[in-house]
Amino acid sequence: MRQVVLLLMLSAYLVTGIVPVGLPTAPAHAIENPGKELDGVGVKAELGTALPKGLSFTDSEGKGVSLDTILSRGKPVILTPVYYHCDHICGVLLDSVVRILNSVSLELGHEYEIFTVSFDSAETPSAAAEKARHYRSLHKNREEAARSWSFAVGDESNVARLMESLGFKYKRDGSEFAHSPVFMILTPGGEISQYFTDINVSPWDVKLALVEASQGLIGSAIDHFLLYCFRFDPLKGRYSWAALNALRVGTVGSVLVIAAVVFVYIRKRQVL
């Protein structure tokens, strides 16, 4: 039976182009016809999409938090759509995000921020607070995580507008949701710069995505040089060598080496 379900999910993916997701394991809430019902579940990546203005949420302390305010600080933002009572992939996703951030050399709060938001509009700030305490405590800089990693909930209108603009599709399945594990990188201007749909993403790829999303505001000269030589490959889900740009760099390097050799040769001739 499991093989049949996986085959149906793969068929839905090939037809729709939507990232397939794992089904909830609780038999009482299993989707009866996954091949059909999961057609609208996954991520439709639309890079460059500008998020709508005026989206407001409530943070883990019960205070209002605006996505516009977070973006106005001029840093790229990692956005993670989850729901806090998820017993499956959401925890795995957030565990992966913590692992990545603890390995990235960029500094949370100084060079980027994180916004975790529930797509279940029925969830409360207390549910967000529970997750906030847990995952902030796992970050290498707990104090900065408390300031720069927001956990939020929202009403149906704001949640629906945000998820639609992200291309994030999900369906209720009893008391749970069928959805994909994904996190997005936003530019300081609120545009979608990159999607990651793999929970085993390399920290190096996330760092390059943040540097690229910052539009030159963060990262070292070496980071920006690497962006010239590497391009994100959506099929592989990581940054890969850009052959043409690498060839240009190699050509310039060769010319400089030859020029240096000629210069040294001429100087020696002049001395003689």
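Annotation: amide H-H contacts under 5 Å for GLN194 (H modelled 1.01 Å from N, sequence separation of 5 or more, or interchain): ILE185.
Amide H to amide H distances under 5 Å link LEU55 with LEU67, ASP68, where only residues 5 or more positions off or on other chains count and H is placed in the peptide plane.
The alpha carbon centroids of the stretch 143-214 and the stretch 103-118 are separated by 12 Å. For the stretch 51-175, would you read off the P(r) tail past 24 Å as a percentage of all alpha carbon pairs? In whole percent, the share of Cα-Cα pairs in the stretch 51-175 beyond 24 Å is 22.
Whole-Hz Karplus values for the stretch 126-140 come out as 5, 5, 5, 5, 4, 5, 4, 4, 5, 7, 5, 5, 8, 6, 5 Hz, taken residue by residue from phi with 6.51 cos²θ - 1.76 cosθ + 1.60 and θ = phi - 60°; glycine and proline positions read x. In this structure the amide hydrogen of GLY42, modeled in the peptide plane, comes within under 5 Å of the amide hydrogens of LYS169, TYR170, SER180, none closer than 5 places in sequence on its chain.
Once the mean of 1/r is taken over each pair of separate Cα atoms and inverted, the stretch 112-189 shows a Kirkwood hydrodynamic radius of 13.9 Å.
Just so you know, all these numbers are worked out from the coordinates, no wet-lab data involved. This structure is a prediction, so every number in the text was calculated from the model and none was measured.
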